[in-house]
1. Filter segment 196-207 down to the residues that are surrounded by 15 or more Cβ atoms within 10 Å (Cβ to Cβ) and either outside the structural domain of residue 295 (by TED's automatic domain parsing) or within 22 Å of residue 118 (Cβ to Cβ) (or both) and list them by number.
2. Kindly provide the set of residues from segment 313-343 that are surrounded by 13 or more Cβ atoms within 10 Å (Cβ to Cβ) and either in a loop (DSSP other than H, G, I, E, B) or modelled with pLDDT under 85 (or both), ordered by number.
3. Looking at 157, 115 in this structure, which one is at pLDDT below 95 and in contact with a helix residue (DSSP H, G or I) (Cβ under 9 Å, 6 or more places away or on another chain)?
4. Please count how many residues of segment 277-292 are out of contact with any strand residue (DSSP E or B) (no Cβ under 8 Å at 6 or more places or on another chain) and surrounded by 24 or more Cβ atoms within 10 Å (Cβ to Cβ).
5. Can you tell which of 144, 182, 176, 169 is in contact (Cβ under 8 Å) with a residue 12 or more places away in the chain and in contact with a strand residue (DSSP E or B) (Cβ under 6 Å, 6 or more places away or on another chain)?
6. With the requirement that a residue be within 17 Å of the chain's Cα centre (by Cα) and either closer than 15 Å to residue 150 by Cβ or assigned to a strand (DSSP E or B) (or both), what does segment 100-123 give you?
7. Determine the pairs where a residue that is at positive phi, located within segment 64-82, has a partner that is surrounded by fewer than 24 Cβ atoms within 10 Å (Cβ to Cβ) with Cβ atoms under 7 Å apart, the partner being 6 or more residues away or on another chain.
8. Here are some residues: 98, 48. Which one is touching a residue at least 12 places away in the same chain (Cβ under 8 Å) and crowded, with 17+ Cβ neighbours inside 10 Å?
């Protein structure tokens, strides 16, 4: 007599990761629809037919808490974050792998919302999820869900978009206002009743990069402003390359609701994470053209790469912030994170 199939439950069990019937039910009932072709044969590796050309490859893991927040969730964050890493190299996002580590006790209704978000965001980014893996850990060991993604993109540039291409006189631009993602996570985590509610800025960056390339803008460097925000991105460019970056504090766009929240809680929006914003370093001759492309999304010019001053020999690189009062101060990187578990 055949053994009866296990009864469906509303929560993840350890057996969902055990390779048996429950795991097959999880794959067929919840995860198979992530694939571009839900009827494809699931194998140990995906066979890809990619456009001819040079490829970019990236991987990332996502451990955000809470799993859902205003305007997004861990699913949209994972797909967008990986697509955006490819875009920062000048690559059109193409395909994605997805690894899920699920905690025993996770509600299947929540998992379904995350899966729906993963699928919808992949379509928005123009990516196909082609392979994946699922593991289940004991209750209390996984905080609901962790995701890992790897992405492949087609490079659309000839000259590398690279920090080593930055030269004195280059201009610094941001693609939009800063700090929204960090504040959205903070509000969701601590139950802050922000009015109006502030949504994450999480969105794909490739359309903006593609528009810059189509406009003929020479992109010396791109950096998405995730953990550590603008301040960390500037430091990562300045220090290793011996650059002096001069940033105009008044030019940095910050939404009033973000500024008020930061003033109230003692945060600095320059150090807060973003998930749909990037820093672009372009030649001075391309500054205006780049601004015209980025302006509809709130893009702004914020500074320049300065000629090394008399004291340049004393430092490997630094970021100088010019205050509204005309004075300058060194923008010092944080030793830790203002908000852990944000992406």
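1. So the first thing to find is which residues in segment 196-207 are surrounded by 15 or more Cβ atoms within 10 Å (Cβ to Cβ), and the list is 198-206.
Correct list: 199, 200, 201, 202, 203, 204, 205, 206.
2. 315, 317, 331, 333, 334, 337, 338, 339, 341, 342, 343
3. Only one candidate qualifies: 157.
4. Summing the residues that are out of contact with any strand residue (DSSP E or B) (no Cβ under 8 Å at 6 or more places or on another chain) and surrounded by 24 or more Cβ atoms within 10 Å (Cβ to Cβ) in segment 277-292 gives 0.
5. Unique residue meeting the criteria: 144.
6. 118, 122
7. From segment 64-82, the pairs are 71/199.
8. After ruling out the rest, the residue left standing is 98.
The values are calculated or read from the model by the stated rules, or taken from the named source; none is laboratory data. The structure presented is a predicted model; accordingly, all values stated were derived computationally and were not measured. Quick reminder, even Gly has a Cβ in these numbers, built from the backbone with ideal geometry, and neighbours come from all protein chains shown.
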